[in-house]
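J.: Sharing a structure, written as structure tokens. Questions coming.
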Amino acid sequence: MPTIQLVLESAIQLFPQLDTTRLEVEVLLCHVLRVKRSYLYTWPDCLLTTHQIKQFQALCQRRRQGEPIAYLIGHKEFWSLELQVTPATLIPRSETELLVEQALARLPIDSDVQVVDLGTGSGAIALAIAQERPHCQVLATDNAPEVLAIAQQNAQRLRLHQIQFRVSDWWQALNQVTATVVVSNPPYVAITDPHLTQGDVRYEPRQALIAGKDGLAALRLLITQSWVHLELSGWLLLEHGYNQAAAVQKLLARQGYQMITTYPDLAGQPRVTVGQKL
């Protein structure tokens, strides 16, 4: 039977993108073997079974066709939390951690206020906030029951029990709810954006990505609807596209928000814009 080292080296040769191939191939093999990456280096001469090799080769083939690693292995790390993801959910991205950081900056460590995460998907943002601010009351919504079920499973597995979940199309089912902090990573890609045909995005749910002709449809709704649900001095924090900061700032100002600020992600792209109701 082939060893771990031989199987890895053979698989790497099949991928043209050599900069990320080794890591991806190792992650897939770890998933099949149900081990950590350190195991591959500790036991390179370990023999694999025929079944394990077939499983691994099948995953490699799907990855070569472009299927995202997160969907192949069924989970993705966000804010040091391991989250279950499926093709029904958007894959959590590192730039979205900026949204969490800015929310936490407005929530003292002992804060017990109401936080609302609109369009929660896998629950990444809500779960990260709940992890860091255990006294806050966190409400997470999504308009797809099957997606919200995944977020609930993530919360249960991580034992974050202070989160409530509600099926709602943005604020539609939250008539009486008010919040001190509202966060959202809504769809913000224009329907004609060429990025929709590239990379992992090709496999992600369109309803979690596309927001009309200019990509601003969901952001407009959130900015307008959130105003009446925000308590005085409350904050609205929104993730958006790298080229949408000026438009989002203008929409916030038009609605009456103040203290409007845009923050760059680690790549230096304007990614999160916030506004306060004063």
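J.: If I take every Cα pair under 8 Å that is 6 or more residues apart in the chain, average their sequence separation and divide by the length, what percent do I get for the relative contact order?
T.: 14
J.: May I ask for the angle, rounded to the nearest 10°, between helix 21-33 and the longest principal axis of the chain, with both axes built from Cα atoms and the value confined to 0 to 90°?
T.: That works out to roughly 80 degrees.
J.: Can you give the charge dipole size of the chain about its Cα centre, rounded to the nearest 20 debye, using +1 on the beta carbon of Lys and Arg and -1 on the beta carbon of Asp and Glu?
T.: Once rounded to the nearest 20, the dipole reads 320 debye.
J.: Per 0.36 nm of contour for each residue apart, how much would the distance between Tyr242 and Gln153 grow if the chain were fully extended, relative to their Cα-Cα spacing?
T.: Working it through step by step, the gained length comes to 28.9 nm.
J.: In whole Hz, with x marking every Gly and Pro, tabulate ³J(HN,Hα) for segment 117-126 from phi via Karplus 6.51 cos²θ - 1.76 cosθ + 1.60, θ = phi - 60°.
T.: 10, 8, x, 6, x, 6, x, 3, 5, 4
J.: For segment 143-205, build the convex hull from the C-alpha positions and give me its volume per residue in Å³.
T.: Dividing the Cα hull volume of segment 143-205 by its residue count gives 133 Å³.
J.: Still on this structure: For Cα extents along the principal axes in Å, the choices are (1) 77, 50, 38; (2) 125, 42, 23; (3) 68, 40, 32; which was calculated from the structure?
T.: After the calculation, the listed value that fits is (3).
J.: Also, I was wondering about something else. How much net charge surrounds Val248 when only the other residues with a Cβ under 15 Å from the Cβ of Val248 are counted, with Lys and Arg +1 and Asp and Glu -1?
T.: Every neighbour counted, the sum reads +1.
J.: Ok, one more. How would you rank Val189, Val274, going from fewest to most other Cβ atoms within 10 Å of each one's own Cβ?
T.: Result, fewest neighbours first: Val189, Val274.
J.: Along Cα→Cβ, 7 Å out, is where each label goes; now give me the distance between the ones at Lys213 and Thr261 in nm to one decimal.
T.: With each label placed 7 Å out from Cα toward Cβ, I get 3.6 nm.
J.: D for segment 4-65, whole µm²/s, Stokes-Einstein with Kirkwood Rh over alpha-carbon pairs at 4 °C and 1.567 mPa s: what number?
T.: In µm²/s, the coefficient is 112.
J.: Which listed residue (Val147, Leu232, Gln164) has the Cα farthest towards the positive end of the charge dipole for segment 87-276, taking +1 on Lys and Arg C-beta and -1 on Asp and Glu C-beta about the Cα centre?
T.: Toward the positive end, the furthest listed residue is Leu232.
Computed from the coordinates by the stated procedures, all read-outs in this text should not be read as laboratory data. Model, not experiment: these values are computed from the prediction. In this analysis, Cβ positions are derived from the backbone assuming ideal geometry, glycine residues included, and neighbour counts consider all displayed protein chains.
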